[in-house]
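Novice: Just passing along the structure, written as structure tokens.
The values are calculated or read from the model by the stated rules, or taken from the named source; none is laboratory data. This structure is a prediction, so every number in the text was calculated from the model and none was measured. A quick note on method: Cβ atoms are made from the backbone with ideal geometry, for glycine too, and the neighbour counts reach across all protein chains shown.
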């Protein structure tokens, strides 16, 4: 009886995202048929795989209009119909879903501001936290016509200057809780009372983020020397009324620095770094533990670089937009690199009107605030490495079949194989032709010990994408 020496490999279920070990090894074999070893600006949030979203500048969203500095923080909600606010190095910005206001009022130059930190709305007013050359301040805008740039140190009961530090902030009803260096500050709107050092975590500590969930405040605090030094991260629970000076409980992440906290469906997610390990981690709080879920590369995102998009957590890392989670509960929690962030230096990420927007800076004179629009073409996806050889037998690839959604005119991508630890590669084949859904490429690629599939959209279209449903590779074994 003749022995069947053929093999078939099918790649699908791309929602698996990046391989669990992709952050350590771009030639990882760990994963299933949908996992990627390398991914750049690819949308795998749904059932199939396609180009990640492109970016379109908002009207007045560059240095030629209203954005002449990096916007550091954007309020992730609408304050009124189609209106939110952001803060940059020296200015307060008014932002809609399509434009950055550029008139006699906005952008508003904040007196003595050297670095804006966050904005929050409460009780019909906008409060903005910023640093000065010495110390910090809280400003107040009545959402109509009056700016009080030194409100925090002059007006409320307990008026005082704040520290020169990062200032994450969150609100619940008439309460604002904010980070203030080693302190947590509170503002109680009902009594117009400000306490800039309600909680003191001690010298060498810094509040990295604040969220409200389950009738309590979650306070992320890092301790240690800043820069390239190991930190210790703690997450403290604080009473929802913000009246006590005593903490309720805490959960530790150990020798790891916390970037942000994010509440989704009652679960608190945490982005953090272990300095002794490559890459970063996103996990969730379970009791007094942090359970890791996925790893990513780049940089540790901060409190201004997170939002919700299609039921997943979007965040920024080294100029790129990442997604963590699952669009439906039937999909596993996964992590993927979804889109480009614009220029090399990214600032804020928010989705106040349903479409993510990102601020960025090229390090010279160019700034912008842009939102997802159309498709990127600077996109690529590589599968995990698939072992082929069996003993003395090596593989010979005979053909590759790619199943797509019906292609529109101009849609195009290429596919090829990288094999034998990606030292060699096959000839790139073009996926194109209007209306076509089944693309068969006859190839003759011998001497395969291992391989991975490489899809590249760089020759494609920013308006007509190539959405891939399935990749099927057929071959046979031969004795070398």
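Novice: Suppose we filter segment 76-109 for residues that are on the phi < 0 side of the Ramachandran plot and surrounded by fewer than 23 Cβ atoms within 10 Å (Cβ to Cβ); how many remain?
Specialist: 23
Novice: So for segment 21-30 (the condition being out of contact with any helix residue (DSSP H, G or I) (no Cβ under 7 Å at 6 or more places or on another chain), surrounded by fewer than 17 Cβ atoms within 10 Å (Cβ to Cβ) and outside any loop (DSSP other than H, G, I, E, B)), does at least one residue qualify?
Specialist: Checking segment 21-30: not a single residue is out of contact with any helix residue (DSSP H, G or I) (no Cβ under 7 Å at 6 or more places or on another chain), surrounded by fewer than 17 Cβ atoms within 10 Å (Cβ to Cβ) and outside any loop (DSSP other than H, G, I, E, B).
Novice: Do you know which residues across segment 215-242 are modelled with pLDDT under 85 and either within 24 Å of the chain's Cα centre (by Cα) or surrounded by fewer than 16 Cβ atoms within 10 Å (Cβ to Cβ) (or both)?
Specialist: 225, 226, 227, 228, 229, 230, 231, 232, 233
Novice: Now, a different point. Just to verify a result, which residue in segment 74-88, among those that are in contact (Cβ under 8 Å) with a residue 60 or more places away in the chain and part of a loop (DSSP other than H, G, I, E, B), is farthest from residue 370 (Cα to Cα)?
Specialist: 79
Novice: If you go through segment 305-313 one residue at a time, do you hit one that is free of Cβ contacts under 8 Å to residues at least 40 places away in the same chain and surrounded by 20 or more Cβ atoms within 10 Å (Cβ to Cβ)?
Specialist: The answer is no; no qualifying residue exists.
Novice: Among the candidates 387, 406, which residue alone is assigned by TED's automatic domain parsing to the domain that holds residue 14 and farther than 24 Å from residue 35 by Cβ?
Specialist: 406
Novice: Let me ask you something else. Return the residues of segment 142-165 that are touching a strand residue (DSSP E or B) at 6+ places or on another chain (Cβ under 7 Å) and closer than 24 Å to residue 106 by Cα; say none if nothing qualifies.
Specialist: Within segment 142-165, 142, 143, 147, 148, 149, 150, 151, 152, 153, 155 meet the criteria.
Novice: Oh, and also: Exactly one of (1) touching a residue at least 12 places away in the same chain (Cβ under 8 Å); (2) in a strand (DSSP E or B); (3) over 21 Å from residue 77 (Cβ atoms) is unmet by residue 291. Its number?
Specialist: Only one criterion in (1) touching a residue at least 12 places away in the same chain (Cβ under 8 Å); (2) in a strand (DSSP E or B); (3) over 21 Å from residue 77 (Cβ atoms) is unmet by residue 291, namely (1).
Novice: Would you mind finding the one in 372, 454, 441, 396 that is modelled with pLDDT of 95 or more and within 30 Å of residue 96 (Cβ to Cβ)?
Specialist: That would be 372, the only listed residue that is modelled with pLDDT of 95 or more and within 30 Å of residue 96 (Cβ to Cβ).
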